[in-house]
Amino acid sequence: MKKAEMMFIPLPAIGHIVAAVETAKLLVERDDRVSTSVLLINPALHSNTTKYIESLATSTLPNRMRVIDLPTLEPNSRNDNWLTYSIEGQKPHIKAYVTKIKTQSELSPDSPRLAGFVFDMLCTGLKDMANEFGVPWYVFSASSAAFFGCMLHLLYLHDEQKVELSEFKNSDVELEIPSLVNRIPARLLPSMVLDKESSTTFLDPARMWKEATGILMNTFIELESHVVNSFSNDRRIPPVYPVGPIVRSEGKGHDKGLDQREDYMAIKQWLDDQPPSSVVFLCFGSWGSFDVNQIKEIAHALERGGYRFLWSLRKQQPQGNVEQSTNYESFQEILSEKFLNRTVDTRKTSLIATKSSTVCKLVETYCKMKKAELVFIPAPIISHAASTVEVAKLLVDRDERLSITFLIMKTTLNTKIYRSYMDSVSAACSRIRFIDLPEAEVDPNLPTRLFNSLIEAHKPHVREEVSKLVTQSELSPDSTRLAGFVLDMFCTSMIDVANEFGVPSYLFFPSAAAFLGLQFYIQNLHDEQKVDPTEFNDSDVELVVPCLANPFPAKVLPTAMLNKDWLPLSLCLIRRFKETKGIMVNTFYELESHAINSFSKGKAPPVYPVGPILNLSRDERSDGNNAHKDIMQWLDHQPSSSVVFLCFGSMGNFGMEQVKEIACGLEQSGYRFLWSLRQPPPKGKREAPSDYVNPQEVLPEGFFDRTAKIGKVIGWAPQIDILAHPSDIEKGIKCLMELDNEKKGKLKEMSEKSRKALMNGGSSYICHAASTVEVAKLLVDRDERLSITFLIMKTTLNTKIYRSYMDSVSGACSRIRFIDLPEAEVDPNLPIRLLNSLIEAHKPYVKEEISKLVIQSELSPDSPRLAGFVLDMFCTSMIDVANEFGVPSYIFFASAAAFLGLEFYIQNLHDEQKVDPTEFKDSDAELVLPCLANPLPAKVLPFSLFDRDRLPVLLRLVRRYKETKVIILNTFYELESHAISSFSNGKAPPVYPVGPILNLNRDERSDRNDAYKDIMQWLDHQPSSSVVFLCFGSMGNFGMEQVREIACGLEQSGYPFLWSLRQPPPKGKIEAPSDYVNPQEVLPEGFLDRTAKIGKVIGWAPQVDILAHPSLGLAVEIKMDYVKQFNMDDCEIVSAEDIKKGIKCLMELDDEKRGKLKEMSGKSRKALMNGGSSYIWLGRLIQDMIDSMP
């Protein structure tokens, strides 16, 4: 293996040298291929630095490490800047030493080769030396990351904004520095920065930092997560490596004469006499000094504080002199004798550098903080809307300055449930309100883009409502001001409306950060690499997506990315993501650290993982529903952790072929199962899936009979109750059933996250809308300045549940409101683009409602001002409305960051790399996606990416993502760090992971439902952690062939199962699946009989209760957006064998993997807590929204 030599050149100051020496030690101890040389500039200064350098000569250093004491320079006769003089004077000596090492290396093959330089942050004037030797160079910052970021910002102000820093000296200006959480009074900047002469000593080296290969920082991410994350979104900064804390090794390099020094012994003796943890220690480094006025302020604060203190007080050098500080001969020359006498019992000379008046100033600033109104525009998809509302709740809970208004588009999707949910939120929180937009008229000529058309059609209504908000705000000085739009990932066209109002747009991405990264990757692939993602349809190519840890088979890209009709729409959405100020993702950093880190290259807006966004309210239908009771009774009879729960979300449905494959997979797995089988809506209809009247029509013949003892096929699933049932733990099928204790623990903890995600009407109904509402709740909870208005599109999807959900939110929070938009007329003849057309058709209603908001704001000074649109990922056409109102658009991306990255990747592949993703359909290629850690087999890309009709739709959506100000992700950094980091390349809007966004309210129907009782009783009889639960969401349904494959897979797996089997809606209809009247019509013959002892097939599933049941061992819960229902006829059938293998793989995890899942679940909860990653991203999102207000 190659051996490498690294040259360290620290600043000649004790703190800098110690940190450099210790870092060099760490390198050689970590890797035996590395050798290090520390070249010390020996200053002719009276300081402890020279003593430390001398001590190194007698200390024992590790092998492969050398400390070289460079010659002392002649006195500076020209009175040049000391640091410049030292660096320039040492260049010949450094060059001579490095040349010697390089020559030695060339003569001996075994000698280490020169690999690079590590320069102190103030010694970058030596960079030409590295360039001369043709090796990379790195910057080492011995100080905090916050200080480093502060210096970068000051350089930006000085060089780009042409601000003279010395003017801040007596200024009352408060600076907002990205690396700092709070504003800082400019006059409190370090004095050497405020001095015109000495500031060049710091600014000149800082200009060169961006040329470095990387920056090593003496800090760690847990200590300065906000700062380190801020660097990842700044494309001007090289990669930052937090390698600290770097501390001096005990006993190494210790001054041997220190124990004999009287001053040292006096300090040590004084400390020994103090009580434990009682002393405040003030020490500002070897250059730490202040002028007389500041010293008096520090002394005054110390005395008033009354705490014991140890204060290292150093003498300031003359102005313009950057030499190290020296000791005072007597403290009486600077401190009054009264102070010394009054503090004799509490001091030993040293602490704090801030003016006493600063505290008063901060209080005054807080009292005068602006109140902000955010306009949330969720997609008319229950899951998106619900998570968006939950985000809004988080925001208003977090900051009392925030109010949130939801502009709700009228659709036929879940309107009753959603309304109930919104009402409950509004009632609970006065700063969240929902405004129903008038029903939009949709142009019937482009039904393949119906959803986009629906969003577009709402633009006038959004504009009208926002105008009312702005007008009301202008009429009342105390009113909240419009701060921005928070847009669902599908509502990016509302960015146009936000732009019109001059406010930023933020995106709420309710999916994973990895999915967001995938979207950016696809968009980059299409737009920049000129690769057509639709060519991946049957390709074996594996894509390396930055947001994914592993290569990704191109052919398994989402169907929309592989379909030539859908791809343009998707790309259009993603492109507009980049126009937003930030992207909130419903995830958390611990869950998607790789994906979240992938966004840090500056090519996308900042990504804020603010999740997990959860809504745990139960569906009101559950308690009084016989089906709910039947389900819960069945679960009650299952052994603990034994049931596989299949539920594919509120829009989850499949064609008959896939339904049969699932049935076969369940049957073959042998596990108990609960399968929420939903019937697809009629083609071209904007409706949620419905329950099958007779599920047997789509299940393999005999499936019910064969699985009667182990499985249950249901229609609607009370997910919160099911997931809470002791028969359930996690997602998948048999890989999870035989885990060792550690992996079971991790899995159970992660299951807590998935369980919570299904409450309050559950993901089976609320999907995008619910997660968007949850985001809104987060926002108004976080900041009282925000108000949120949801513009709700009318659809036929679960209107009762959706309305109930909205009502509950409105009732709970007065600053979140829901406005139902008029129902838009959409031509059902082109179902491929039905959702886009639906969105587009609502644009006029959105404009109308926003105009009302703006007018209302202008008429009342106390009213909140329009600040932006928050659009669902499918509502990107609403960016146009936001632009019309001059406010920013934000996308709420309800899926994972990795999926967002996949979408961007496909869009990039298609638009820039000119690669047709549809060609990956059966390809063996592996794609390297920035959002994925590993290569992805191209052939496993989502089906929509392989479809030439659907790919353009998806591409159009993704392209518009880039027009948003921010993309809000329903994920958290720890979960998708790789995917989130992949967005930092500057090609996408900022991505903000604010998740996990969850709604865990139970469905109120459950407890009153006989079916519910039957399900829970069945689960109660299953062994713990034994049941596979199949539930595919409120839109989850499959064709008969797939149903039979699922049945066979379940039967062959051998695990107990609970299967929510739903009947697809009529073709071309956007309706929710229904429960089968007779599921045996679609199941394999005899299936129910053969599986009677281990499985249960149900229709609707009380998911929250099922997922909470201890018998659950695995929840196969694939969410299905209703735009995907049109793909089902073209989707590749998942075979029974694959389903069986999947179940066994997940049910048989070892303890280590279960432990990791449990650990990640814990991180998901911490992400939303004060100080957690999503909490921080949410705070940044709010600040961005307020700062972007016109």
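The values are calculated or read from the model by the stated rules, or taken from the named source; none is laboratory data. All values reported here derive from a predicted model rather than from experimental measurement. When we count neighbours, we look across all protein chains shown, and the Cβ atoms used for this are built from the backbone with ideal geometry, even at glycine.
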Q: Answer yes or no as to whether LEU271 is assigned by TED's automatic domain parsing to the domain that holds LEU26, at pLDDT 80 or above and either in a loop (DSSP other than H, G, I, E, B) or of a type outside the set (Asp, Glu) (or both).
A: no
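Within segment 1049-1087, which residues are in a strand (DSSP E or B), at pLDDT 85 or above and within 35 Å of the chain's Cα centre (by Cα)? Can you show your working first?
Initial filter on segment 1049-1087 (in a strand (DSSP E or B)): 1054, 1057-1060, 1062-1063, 1074-1075, 1085-1086.
Filter once more, keeping what is at pLDDT 85 or above: 1054, 1057-1060, 1085-1086.
Result: PHE1057, LEU1058, TRP1059, SER1060.
In segment 12-45, how many residues are of a type in the set (S, T, N, Q), within 44 Å of the chain's Cα centre (by Cα) and either modelled with pLDDT under 90 or in a helix (DSSP H, G or I) (or both)?
Here is the first cut: in segment 12-45, the ones of a type in the set (S, T, N, Q) are 23, 35-37, 42.
This time we only want the ones that are within 44 Å of the chain's Cα centre (by Cα), so: 23, 35-37.
Checking the rest, the ones that are also either modelled with pLDDT under 90 or in a helix (DSSP H, G or I) (or both) come to 23.
So the count comes out to 1.
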Q: Residues being modelled with pLDDT under 80, over 29 Å from the mean Cα position of the chain (by Cα) and crowded, with 24+ Cβ neighbours inside 10 Å: count how many of those fall in segment 452-481.
A: 2
Q) Given (1) at pLDDT below 85; (2) within 20 Å of GLN529 (Cα to Cα), where does ARG959 come up short, assuming only one miss? A) (1)
Q) Going by the structure shown, is PHE536 at pLDDT 80 or above and closer than 17 Å to ARG950 by Cα? A) yes
**Q.** Count - residues of segment 917-946 that are assigned to a loop (DSSP other than H, G, I, E, B) and buried (at least 24 other Cβ atoms within 10 Å of the Cβ)
**A.** 10
**Q.** Flag if ASN48 is surrounded by fewer than 19 Cβ atoms within 10 Å (Cβ to Cβ), modelled with pLDDT under 75 and either closer than 22 Å to ALA130 by Cβ or not assigned by TED's automatic domain parsing to the domain that holds LEU27 (or both)
**A.** no
Q) From the list VAL470, VAL466, VAL462, which one is in contact with a His (Cβ under 9 Å, 6 or more places away or on another chain) and assigned to a helix (DSSP H, G or I)? A) VAL462
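Name the residues in segment 1133-1148 that are part of a helix (DSSP H, G or I) and closer than 17 Å to SER1026 by Cβ, would you? Give the derivation first.
Kept after step one, since they are part of a helix (DSSP H, G or I), are these residues of segment 1133-1148: 1136-1147.
Listed by number, the residues that qualify are LYS1140, GLY1142, ILE1143, LYS1144, CYS1145, LEU1146, MET1147.
So, in segment 132-144, how many residues would count as being part of a loop (DSSP other than H, G, I, E, B), on the phi < 0 side of the Ramachandran plot and over 32 Å from the mean Cα position of the chain (by Cα)? I'd like the intermediate steps shown before the answer.
Step one: of segment 132-144, the residues part of a loop (DSSP other than H, G, I, E, B) are 134-136, 142-144.
Applying the additional criterion that residues be on the phi < 0 side of the Ramachandran plot yields 135-136, 142-144.
Adding the requirement that they be over 32 Å from the mean Cα position of the chain (by Cα) leaves 135-136.
Count: 2.
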Q.
Looking at segment 554-574, can you tell me whether even one residue there is within 28 Å of ASP947 (Cα to Cα), modelled with pLDDT under 85 and under 18 Å from the mean Cα position of the chain (by Cα)?
A. no
(Q) Return the residues of segment 115-164 that are closer than 20 Å to GLY89 by Cα and free of Cβ contacts under 8 Å to residues at least 40 places away in the same chain; say none if nothing qualifies. (A) ASP128, MET129, ALA130, ASN131, GLU132, PHE133
**Q.** Cβ pairs under 6 Å, 6+ apart, first in segment 101-114 and in contact (Cβ under 8 Å) with a residue 24 or more places away in the chain, second assigned to a loop (DSSP other than H, G, I, E, B)
**A.** SER105/SER111; PRO112/LYS3; LEU114/VAL135
**Q.** In segment 1162-1175, the residues that are among the hydrophobic types (A, V, I, L, M, F, W, C), surrounded by 24 or more Cβ atoms within 10 Å (Cβ to Cβ) and either modelled with pLDDT under 80 or within 24 Å of ALA483 (Cα to Cα) (or both)
**A.** LEU1168
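Of all residues in segment 103-131, which are in a helix (DSSP H, G or I) and touching a Lys or Arg at 6+ places or on another chain (Cβ under 6 Å)?
SER105
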(Q) Scan segment 1119-1138 and tell me whether some residue there is over 19 Å from ALA1047 (Cα atoms) and modelled with pLDDT of 70 or more. (A) no
Q) Quick check: is even one residue across segment 61-81 modelled with pLDDT of 80 or more and among the hydroxyl-bearing types (Ser, Thr, Tyr)? A) no
**Q.** Subset of segment 145-185 (residues that are closer than 18 Å to PHE202 by Cβ and in a strand (DSSP E or B))
**A.** LEU175, ILE184
Q: Being modelled with pLDDT of 65 or more and among the small types (Gly, Ala, Ser) is the filter; apply it to segment 689-728 and report the residue that is surrounded by the fewest Cβ atoms within 10 Å (Cβ to Cβ).
A: ALA708
Q.
Please pick out the residue among ARG815, ARG865, ARG803 that is modelled with pLDDT under 80 and crowded, with 24+ Cβ neighbours inside 10 Å.
A. ARG803
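Condition first: surrounded by 24 or more Cβ atoms within 10 Å (Cβ to Cβ), assigned by TED's automatic domain parsing to the domain that holds PHE1029 and modelled with pLDDT under 80. Can you find one or more residues in segment 1088-1100 that meet it? Reasoning before the result, please.
If we filter segment 1088-1100 for residues that are surrounded by 24 or more Cβ atoms within 10 Å (Cβ to Cβ), which is where we start, we get 1088, 1090-1091, 1094-1100.
From what's left, assigned by TED's automatic domain parsing to the domain that holds PHE1029: 1088, 1090-1091, 1094-1100.
Right, trim to modelled with pLDDT under 80 and you get 1100.
Looking through segment 1088-1100, at least one residue is surrounded by 24 or more Cβ atoms within 10 Å (Cβ to Cβ), assigned by TED's automatic domain parsing to the domain that holds PHE1029 and modelled with pLDDT under 80.
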Q: Would you mention how many residues in segment 186-213 are among the acidic types (Asp, Glu), within 18 Å of VAL163 (Cα to Cα) and either touching a Pro at 6+ places or on another chain (Cβ under 6 Å) or part of a helix (DSSP H, G or I) (or both)?
A: 2
